[in-house]
1. Where a ≥ b ≥ c are the square roots of the eigenvalues of the C-alpha gyration tensor, would you call the range 137-182 rounded, which needs a/c under 1.5, or, failing that, prolate if a/b is larger than b/c, or oblate?
2. Can you show me the helix-derived [θ] at 222 nm for the chain, built from DSSP H runs with n ≥ 4 at -39,500 (n - 2.57) apiece and divided by the number of residues, rounded to the nearest 500.
3. Give the percent of DSSP beta bridges with both residues in the chain that are antiparallel, rounded to the nearest 5.
4. Pairwise over distinct Cα atoms, reciprocal of the mean inverse distance: report the Kirkwood radius of the range 36-124 in Å, one decimal place.
5. Please identify the trypsin sites (Lys or Arg not before Pro) of the range 251-324 that satisfy two criteria: DSSP loop assignment and at most 12 other Cβ atoms within 10 Å. Which are they?
6. With Cβ to Cβ distances under 13 Å as the rule, what net charge do the other residues near residue 149 carry (K, R +1; D, E -1)?
7. Would you list, by chain and number, the lysines whose Cα falls below 28 Å from the Cα of residue 13, excluding same-chain residues fewer than 8 positions away?
8. Remind me, what semi-axes does the range 108-173 give for its equivalent ellipsoid, largest first in whole Å, using sqrt of 5 times each Cα gyration tensor eigenvalue?
Amino acid sequence: MPVSYLHIMSMEKKDLRIVFLGTPDFAVESLDTLVQNGFNIVGVVTATDKPAGRGHKMLQSAVKQYAVAHGLNVLQPEKLKDEAFVEELRSLQADLFIVIAFRMLPEVVWSMPRLGTFNLHASLLPKYRGAAPINWAVINGEKVTGVTTFFLKHEIDTGDVIQQETIEIADDENVGSVHDRLMHLGAQLTLDTVNAILEGNVNPIPQSELESGEPTPAPKIFRDTCHIDLNRTAREVHNLVRGLSPYPGAWLDIDLADGTPLTAKIFETRLTDMSVKDSQKGKVFAADGHLYLGAADAVLEVISLQPSGKRRMQADEFLRGTKIAD
């Protein structure tokens, strides 16, 4: 941290020059909140345009779309250590950098502004450091999560904490719902953090001094992460499904009556009070027009799913058009 925030004299919004770094919708909410509150965004750094779809039309990030629509200066470096980009960034003479859902920054970038660089992270650090904190909080059955602002340092997600806010996670809430609530909460926390910096009212706390718990990882989600293992308990399977719904989706193979497997994403499940028979353990089965998963200790009902190559549908509709193995 380049300065002591306890000794900064209060300054005006228009004099605080901010560079915002982010890419997805989650970051747009915070950027819009800063713009609507009259802050001086002198630059927006986001991902390069990428080809998408059959026509390979160049797709702009959500942050770029917002920035262009609001006449903000956009920078899209391929390499963050590129000398031309670093010089362009330095020429903006920013006082503060704000990073939300962007990639890892080199020190030459995050150490540039005189008031430092802070990040908004979607967990209660030091818990769930990494790329997928919201997913892992739900997958692991957490009852509480939140958002944290912290100053960047060398090791990822380890910097001194500025502020935190918490929310409760409902038992049947999926990651999409938690994401959206944290997005709105995070935008307010970003605003509060900038205001605190503007007023010189910041006293960052090392993560080791917080009561949030021991550091836990939140690594990137891969296809294998999303595979449903029916050797796990019903609660663990249920949490995996809701922790990956609506995206990227938990999946498994369903044995059809003709002996072929059908891969399907499972988006909603319901815990039941049905005990699981030995013959049902580890299997997908149907009974009385309902679709079930036989987990290690109990039966889960499938509410909605998406068979490979088809649209998402309710389980009863799926069973009307598909015969699965007994």
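The values are calculated or read from the model by the stated rules, or taken from the named source; none is laboratory data. Here the structure is a predicted model, which means the values were calculated and not measured. Here the Cβ is made from the backbone with ideal geometry for all residues, glycine too, and neighbour counts use every protein chain on show. Areas reflect the complete protein model, heavy atoms only, side chains present, ligands, DNA and RNA absent. Shrake-Rupley method; radii C 1.70, N 1.55, O 1.52, S 1.80 Å.
1. prolate
2. Helix contribution divided over all residues of the chain: -7500 deg cm²/dmol.
3. Of the beta bridges lying entirely in the chain, close to 70 percent run antiparallel.
4. 14.4 Å
5. Here the trypsin sites (Lys or Arg not before Pro) that fit, given the DSSP loop and packing criteria, are 277, 311, 323.
6. Numbers: positive: none; negative: 157, 160, 165, 192.
Net charge around residue 149: -4.
7. 64, 153
8. Numbers: eigenvalues 140, 26, 12 Å².
Semi-axes, largest first: 26, 11, 8 Å.
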